[in-house]
Amino acid sequence: MNPAFNVLGLILHGPANPGTHILDYRDKKTFDSLWLTGLESTTPTINGTNLDWTDDHQRILIVGNEPPDGIFGELSASLKGISFRGHFTATSWLAAWKVKFPDSKTSVAVIDPRESALASGAARALQTILAARAASGRTLVPRATVLNAPGLADICQWLAASKADQRATPAHLRELLKFTIWSELTSEREQHHALSNVLGALLLLAQVGTRSASRGLVEAHTARFSLQPYLVAMARACGITPDATRESADSDDGDRPPDWWVGRDLNRAIPGAVLFDDMSDLWRWFLQIALGFCGSEAEAKRFVTTAPGQFREMAGTLPDRLDALIQSGRERIVSGDLVPGDLSLQDQFVLFLDLRLGLGTEFQRCLEALGLKLLHSGRNLPWLTDASRAALEDELQGGKTGETLLPRLLALIDPTLPIVIFSSTHRRELIEPFRDYGNLITTFRKPVLSGMTSPWAETVRELHGDFVSAVEQAAGILRARQIFRSLHAKAVPCDPAGLPASEHGWLIEIFIDESEEPTETQPPRSLCAGGVIVVRTLNRQGLPEVSDVQLLHKLVERGCLWGWCVDMPGNFHRPSNTPATRRYYKKGAKLDFSTGGRGSQLLEEMLGSIREALGGKGVLIPFAAIDRRSRDYPSWMEVPGNVRWHEAEKLLDASLRKLVLHALETLLFRSRLLRSALENPATRVAIDLGIRDYPCRPNPSLAEAFGIEVRNRGWRASFQSEDGYQITAETLARAGIP
Amino acid sequence: MITLVEDDPEKAIEKESASLLALRLLCEAWEFTSPNSRMDILDSKGNPVLTIHSPGTEPRNWFDPFDLGEPSGEIAKKIASLMGDKPKLEAVEKLLTTIASFTAGENNEERIEKLKVCDHPDNLVIKTRKALTS
């Protein structure tokens, strides 16, 4: 019931006032059609009335300023505390309409029954502009105004004057209105529950989810977020057009279904995802569609999060569940630890973790207690050095922890669980503590839409790139997680009892190399990092009790020497590695691993000869980490046209390097035999990384695109010595080996 | 699940203001057009640009916009209670109670006579408009 609307209808009714339309803003249908139709079309039908924004005889009085009661339906918990009604006043609509249709000849006035001083927020700012008068006495904005608690004379005067107002709307006024709308929408962005924090989710959902595969999800979402269509309409009026930019983003990846933000390969590489976010009921839809977990019930089951409104209850007991996990000695976090009752994903998922969960000080105290238990649990905490462990302990004891504690604890409890920080914070102090935690991914940030200094399309493109990059990283960690599981089950559980006794420590040598099916083979193709570990006891002088020369002699004696090294005696034959004679010494002839070849037998003999030479003073452990390359290069990589597809990723060797790193870390973290040897301070570790000292044809233009200088334009090496140093140093640092 | 109820004090303020504005506009329209039922507003060249209609002395025109019930003393009180402070409330109640008392058999002149205030040049409509404007 809007008595002012009824009265104006009575006073101004009839054919004597053609073109004068009175709209009740407090009426739900009118509100709906003004926002959803009136900002889209120049000839909208507003609650049954046909209007034409190009008609210069048309005068519209919108009576009422506040949105209708209950127009936004049952609100989600994510919107708790957000003052959003003030953004959808009739004044806001008028401003958005003027921004969208600056040249409209129709005159529109909002009749706000309240005195102007009673408006607040966006309404007040916009009202100031729209109610302002130019020096001529006419409204500052042509044919648009807000009349607060007007007298009948004021209304009549405006109706008469607006008919004669033929001024164009100056561009700067349009920009001023647009800026005011946007800045009011996105102010207070660091406040946890600000409209700007939900705006990104609602706009991104509009970006990804109108196609058939995701429509069901979007409808389920909009039923709970009836605010969204109005917000999107307002954003569109301000020039932010989610759909249009989505179309342009679609065209860059033929392998990606239109709704998704990841390609099919990446989708397949992620078995599932868990979202842990107090605004999960708001964000889950975008995330679910972006990851491609939609379109069927089976796909939807790959996405797990808390039920609407249950986050606080479930999150509140998380410290207890993590405590139980630590007490039980279980190594991996499963989805049920995060979302109780859900075991569908087991331990194969990516965790998307918000930072600002708003769970209060009691939750934080529980986390701190959990952290102290974890530090003294004897659990392997690979991301901590002695110094950082001490610092964390001080932090926990001092009760000075913040929002970064939960991600760090989860990363320590389960170092191979990929955790994507899913937060909107841009504050460095919140991201910096994650630097040393290898499974915390900080590439993607929820959008915070502030000044919109860059076009929306560009913002979306950047977000998209960051999102794919984050998921790529997560997929890499998940692959390593799977490898760890495989290694742990097969090769790694070397019984520490197998370590020969030594009072002076051991020399651990890890010989590792990589290999891959020919790059001309279409993916998926196998790639491998593998080799042998030789552990030798040291004597009082710190020298291996079984020397290098003894090992070499044994290999020669058994006819198992196929290569050359710098320590090799001078009378050993050195292979000729030149571009013209690219081959390993005798390897090609003898080490034939094809069916019927003798390669496997010779390898066995070679390993046997080393074991024989070591006797009781050493141990030999062969190992291999095998994975499959799903595509030649990641989807985010832009490859110049003159670069052959199979060369792109190969040049960077990113996958192979990662695989080598993962293999090394698995060995050093997980092998109880090696951990046992490393407990002796006299133990030394050497990592020998196989390098290609033979020529490969380079592609200088690609290399230079990545800032890699090609010194010799004829040839390049793949794993070069600096790669070896880097990988070794990184591995040892992570393993905490001095 | 937490379901929030919209609870915005501005809504209440607008409801109250809308009632007050409505009654003031009725009074102003009556005053502008009096003694006629309508008035044309002309532009500088003498062409009509707008026509204002008066609520006149028809009780329904005064009561129906509030959608609270048939014209009566009781409904007059209900409408008056939406007006905020006491002087406004009293003025509106008096006006609407008087209008509610109009009977079908009366002509317009008889009704206007009832709206007159003793010892005062204004009638009840003008007095109410002034009270609502203050």
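Taking label positions 7 Å along the Cα-Cβ direction at both A:Glu612 and A:Gln541, the computed distance is 2.7 nm, reported to one decimal.
Shape annotation for the stretch A:508-550: C-alpha extents along the principal axes are 54, 16, 10 Å, from largest to smallest.
Helix B:9-33 and the longest principal axis of the Cα set of chain B meet at an angle near 0°. Counting only other chain Cβ atoms within 10 Å of each residue's Cβ, the peptide A:616-625 averages 0. Counting 0.36 nm for each residue step from A:Arg133 to A:Ser388 and taking away their Cα separation leaves a gain of 85.5 nm. When ligands, DNA and RNA are left out and all protein chains stay put, how many square angstrom of accessible area per residue does the stretch A:285-394 have with a 1.4 Å probe? Accessible area per residue, the stretch A:285-394: 41 Å². Here the peptides A:32-39, A:408-415, B:69-76, A:201-208 are ranked by packing, the mean other Cβ count within 10 Å, and the order with the highest first is A:201-208, A:408-415, A:32-39, B:69-76.
Evaluating 6.51 cos²θ - 1.76 cosθ + 1.60 at θ = phi - 60° for every residue in the stretch A:126-132, the Karplus couplings come out as 6, 5, 4, 6, 6, 8, 5 Hz, glycine and proline recorded as x.
Charge tally around A:Lys98: other residues with Cβ under 14 Å, Lys/Arg +1 each, Asp/Glu -1 each, net +3. Note on A:Gln157 and A:His13: with the Förster distance fixed at 22 Å, the Cβ-Cβ geometry gives a FRET efficiency of about 0.70.
Distance between the pseudo-spin-label points of A:Met1 and A:Lys373 (7 Å out from Cα toward the beta carbon): 6.0 nm. Across peptide B:20-31, the mean count of Cβ atoms from other chains lying within 10 Å of each residue's own Cβ comes to 6.
Placing dummy labels 7 Å off each Cα toward the beta-carbon, the span from A:Glu604 to A:Asp55 is 9.3 nm. For the pair A:Ser515 and A:Glu679 in one chain, pulling the backbone fully straight at 0.36 nm per residue adds 55.8 nm over the alpha carbon distance. With θ taken as phi - 60° and the Karplus curve 6.51 cos²θ - 1.76 cosθ + 1.60 applied, the whole-hertz 3J(HN,Hα) list for the stretch A:295-302 is x, 8, 5, 5, 5, 4, 6, 6 Hz, x standing for glycine and proline.
Checking an interface number: how much accessible area is buried between A and B, summed over both chains, with a 1.4 Å probe, in Å² rounded to 100? The contact between B and A buries close to 3500 Å².
What ranking do A:43-50, A:431-438 get when scored by the average of other Cβ atoms within 10 Å per residue, highest first?
Highest mean packing first, the order is A:431-438, A:43-50.
Other protein chain C-beta atoms within 10 Å of residue C-beta, averaged over A:11-20: 4. Remark on A:Val146: its backbone amide H falls under 5 Å from those of A:Val110, A:Ala131, a criterion applied only to residues 5 or more positions apart or on other chains, H modelled at 1.01 Å from N. For chain B, the orientation-averaged shadow of the C-alpha convex hull comes to 12.0 nm² (one quarter of the hull surface).
The values are calculated or read from the model by the stated rules, or taken from the named source; none is laboratory data. Keep in mind that this is a model prediction, so the values were computed, not measured. No Cβ is skipped: glycine too gets one built from the backbone with ideal geometry, and neighbour counts run over all protein chains shown. Surface areas here come from the heavy atoms of the whole protein model, side chains and all, with no ligands, DNA or RNA. Shrake-Rupley method; radii C 1.70, N 1.55, O 1.52, S 1.80 Å.
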